[in-house]
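Reviewing the structure listed below.
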Amino acid sequence: MKIWLIAEMTFHEARQRRLVWIGALLGLLFLGVFALGYYLMYQDMARFAGPLSTQAIGAANGFALMGLYAINFLGVMLAVIISVDTLSGEISSGTIHTIVTKPLRRWEIVVGKWLGLLAMLSLFILFLCAGLSLITWLIARHIPPNIVQGTALMILCGTVVMTLSLLGSTYLAALANGVVVLMLYGLAFAAGWMEEFGAIFQNASAVQVGIVVSLLVPAEAMWKRAAYLMQPSFVREFGMSPFGAGSAPSPAMVIYTFLYVLVILAAAVRLFQRRDL
Amino acid sequence: MWAIEAISLRKEYGRTVAVADLNLQVRQGEVFGFLGANGAGKTTTVKMLLGLVRPSAGQAFVLGRRPGDPAAMAHIGFLPEHFRFHPWLTAADFLDYHARMYSMPAEERRRRIPELLERVGLAGWERTRLAKFSKGMLQRLGLAQALLNHPRVVFLDEPTSGLDPLGRREVREIIRQLRDAGVTVFLNSHMLGEVEAVCDRVGIIRQGELVRVGTLEELAGGTLQVEIRAQGLTPELTAGLARWGRVVRQEGNDRVLLEAAKEEALPAIASWLVENGARLYALTPCRRPLEDLFVQIVEGER
Ligand SMILES: Nc1ncnc2c1ncn2[C@@H]1O[C@H](COP(=O)(O)OP(=O)(O)OP(=O)(O)O)[C@@H](O)[C@H]1O
Ligand SMILES: [Mg+2]
């Protein structure tokens with residue numbers, strides 16, 4: 001299948017641009033810093049409240065969530081960086097000419113690139129989440145609950161951003177595309193908080209605006225659900241925490257987000273098919 | 001079936017008409033030269049024929065199929081105007097990647113790639129990254145890429161730009177080999193000598209409009225200039241030549257430039273001269289140089 005060839009080349013390209021190495025290196029650096037912070041924090045907590053006390057586990061989980069929150073953010077950044085000029089770059093440099101004139105369909109190029117980017121993004125987030133879980137297990141014998149679903153949702157969050165960026169790259173140059181996609185993400189981020197605060201202060205219109213924007217860019221919503229699932233139940237009851245979530249988008253929202261990604265991908269295919277190269 | 005067919009093919013970029021209602025047929029096995037000044041619409045035409053650019057109107061067929069149809073693209077080779085590829089790839093990896101897009105089996109790729117590198121004069125460079133290639137070397141590599149799949153139709157958009165004289169000759173040689181193998185070649189070029197040397201037919205496009213198509217003889221207006229070098233060209237003999245055409249010029253009494261109506265007249269001219277006592281040294285048909293024609297068509301009719 002030509003799709004796999006394109007995916008492979010996309011991955012190869014990221015490796016050649018040192019993106020894979022930089023990602024791995026920064027990931028390791030992040031895990032190192034996290035491990036140190038987590039260790040110091042847990043030492044204090046354990047001395048103060050006892051190693052397996054509710055407070056210690058709560059604090060440990062809170063700190064782990066903070067780390068996961070950072071991973072989610074890094075994932076979103078990586079999603080933008082790897083995809084921001086994936087099509088526009090090949091178009092402006094002219095390398096697309098000898099590819100598109102091969103016996104393959106344009107949709108195969110777009111889908112192949114998307115799969116290659118998805119693989120990279122997934123590996124990055126998986127690697128960091130697995131590393132983080134290993135650290136919390138080694139230090140506190142604690143792993144955030146539902147870490148698997150959480151990781152999957154974080155990947156979905158990054159995928160939303162990556163797919164939007166792929167769509168943008170059919171027409172926009174790298175810089176413009178990056179700005180647009182990050183602004184959309186920022187919007188979704190703000191909307192997530194708006195929804196949450198609206199719910200707390202029972203402001204219906206704030207909630208509605210938040211929901212509408214979340215539907216337009218359902219990235220942050222996936223993180224909210226991930227965070228909600230990865231809290232221990234007693235923290236969940238307690239309500240809002242800065243890195244977690246008091247209430248969570250429903251499973252229906254997850255299905256919606258899946259469909260959303262497919263629709264955006266289809267739109268990218270359509271735009272790329274129509275454009276002059 | 002035509003190798004290439006364009007029916008009222010048109011492309012507008014905003015108000016610019018890049019190609020205006022182009023009608024064109026190229027036979028299979030023909031080497032077709034496509035000429036025109038800068039910005040005349042040559043590249044746009046090729047891009048429409050390859051499905052890179054959507055026509056504003058009209059239709060195109062390559063090997064009987066719509067541009068971009070994978071079934072046709074499997075038999076097409078293309079060297080783009082500004083050929084470039086990812087600089088981190090080595091020449092061999094670059095060709096391997098493109099061969100895989102043709103679904104070429106690994107074993108065939110191992111054979112074909114060194115063979116092609118050799119053919120374009122890049123043997124020994126397979127492990128070098130494209131970043132280190134000069135413009136001409138890159139152009140050669142692009143040409144190798146266009147020949148990977150043993151194509152039936154090859155589009156070359158200014159293949160000799162950036163090539164040294166040797167490289168140009170090699171490209172000419174490759175085009176001749178392709179013609180001998182029955183491959184259709186669509187050649188965009190500014191090198192008129194090269195077009196004269198290899199093309200069966202030529203089309204000239206001016207501001208998006210195809211203004212002339214035909215063989216070089218047809219473009220020259222069907223007339224043929226013949227240089228006659230002979231001893232004993234008496235005024236009577238010279239006057240007698242008029243039955244085959246017009247005497248353009250006479251130099252001394254051993255050299256005459258005759259504009260003959262057709263090539264078939266040459267044997268008759270030769271035997272008539274000899275029978276009437278002239279000692280014939282040379283009878284050289286010389287076409288009107290394409291350059292004159294090009295300048296006249298592109299400039300004179302403005
Ligand atoms: N992407 C584009 N957007 C707008 N106008 C374009 C575009 N591509 C080509 N044109 C215009 O179309 C016309 C034909 O361009 P084209 O590249 O086909 O010329 P060409 O015959 O290949 O010229 P050259 O000999 O310089 O390669 C020009 O007027 C050019 O400005
Ligand atoms: Mg051109």
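The values are calculated or read from the model by the stated rules, or taken from the named source; none is laboratory data. The structure presented is a predicted model; accordingly, all values stated were derived computationally and were not measured. All Cβ positions, glycine included, derive from the backbone under ideal geometry; neighbour counts span all protein chains shown. To get the accessible areas, we keep the full protein, side chains included, count just its heavy atoms, and leave off ligands, DNA and RNA. Shrake-Rupley method; radii C 1.70, N 1.55, O 1.52, S 1.80 Å.
What the table below lists for this structure:
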item	result
Meets criteria (among the small types (Gly, Ala, Ser) and more than 28 Å from B:Glu5 (Cβ to Cβ)) for B:Gly203	no
For B:Ala123: the one exception among (1) farther than 20 Å from B:Ala6 by Cα; (2) more than 16 Å from ligand 1 (Cβ to nearest atom); (3) facing another protein chain (nearest Cβ under 10 Å); (4) touching a helix residue (DSSP H, G or I) at 6+ places or on another chain (Cβ under 6 Å)	(3)
Subset of segment B:126-150 [open to solvent by 50 Å² or more (accessible area, probe 1.4 Å), touching a residue at least 12 places away in the same chain (Cβ under 8 Å) and either closer than 11 Å to B:Phe83 by Cα or assigned to a helix (DSSP H, G or I) (or both)]	B:Ala131, B:Lys135
Residues of segment A:155-190 classified as outside any helix (DSSP H, G or I) and surrounded by 24 or more Cβ atoms within 10 Å (Cβ to Cβ), total	1
Number of positions in segment B:231-256 that are in a helix (DSSP H, G or I), surrounded by 13 or more Cβ atoms within 10 Å (Cβ to Cβ) and more than 32 Å from the chain's Cα centre (by Cα)	4
Single residue of B:Ala74, B:Ala91, B:Ala99 found to be facing chain A (nearest Cβ under 9 Å), crowded, with 16+ Cβ neighbours inside 10 Å and among the aliphatic types (A, V, I, L, M)	B:Ala74
Evaluation of A:Asp85 against (1) within 24 Å of A:Leu175 (Cα to Cα); (2) over 20 Å from the mean Cα position of the chain (by Cα); (3) acidic (Asp, Glu) (one fails), failing number	(2)
Candidates B:Val46, B:Val17, B:Val26, filtered to the one that is out of contact with any Pro (no Cβ under 8 Å at 6 or more places or on another chain) and more than 16 Å from ligand 1 (Cβ to nearest atom)	B:Val26
In segment A:192-221, the residues that are part of a loop (DSSP other than H, G, I, E, B) and modelled with pLDDT of 85 or more	A:Val217, A:Pro218, A:Ala219
Members of segment B:42-60 that are more than 14 Å from every other protein chain (Cβ to nearest Cβ) and either hydroxyl-bearing (Ser, Thr, Tyr) or within 9 Å of ligand 2 (Cβ to nearest atom) (or both)	B:Lys42
Condition met for A:Ile139 (open to solvent by 70 Å² or more (accessible area, probe 1.4 Å) and touching a helix residue (DSSP H, G or I) at 6+ places or on another chain (Cβ under 8 Å))	no
Count - residues of segment B:126-151 that are within 13 Å of chain A (Cβ to nearest Cβ) and of a type in the set (D, E, K, R)	1
Among residues of segment A:191-207, those that are open to solvent by 70 Å² or more (accessible area, probe 1.4 Å) and under 24 Å from the mean Cα position of the chain (by Cα), counted	2
Yes/no for B:Ala18 being within 16 Å of ligand 2 (Cβ to nearest atom) and part of a strand (DSSP E or B)	yes
Failed criterion for A:Gly89 (all others in (1) among the small types (Gly, Ala, Ser); (2) surrounded by 20 or more Cβ atoms within 10 Å (Cβ to Cβ); (3) out of contact with any helix residue (DSSP H, G or I) (no Cβ under 6 Å at 6 or more places or on another chain) hold)	(2)
Number of positions in segment B:23-37 that are more than 16 Å from B:Leu293 (Cβ to Cβ) and of a type outside the set (S, T, N, Q)	7
All helices (runs of 4 or more DSSP H) inside segment A:64-141 with 2 or more residues being within 14 Å of chain B (Cβ to nearest Cβ) and at pLDDT 95 or above	A:96-100, A:106-140
Of all residues making up segment A:142-154, the number that are open to solvent by 20 Å² or more (accessible area, probe 1.4 Å) and either part of a helix (DSSP H, G or I) or under 21 Å from A:Thr257 (Cβ atoms) (or both)	5
Qualifying positions in segment B:29-43 - on the phi > 0 side of the Ramachandran plot and either hydroxyl-bearing (Ser, Thr, Tyr) or more than 9 Å from ligand 1 (Cβ to nearest atom) (or both)	B:Gly29
So B:Glu118, is it within 20 Å of B:Leu156 (Cα to Cα), of a type in the set (Asp, Glu), open to solvent by 70 Å² or more (accessible area, probe 1.4 Å) and part of a helix (DSSP H, G or I)	yes
Test: B:Glu12 is under 17 Å from the mean Cα position of the chain (by Cα) and not in a loop (DSSP other than H, G, I, E, B)	no
Test: B:Leu63 is more than 13 Å from ligand 2 (Cβ to nearest atom), in contact with a His (Cβ under 9 Å, 6 or more places away or on another chain) and facing chain A (nearest Cβ under 9 Å)	no
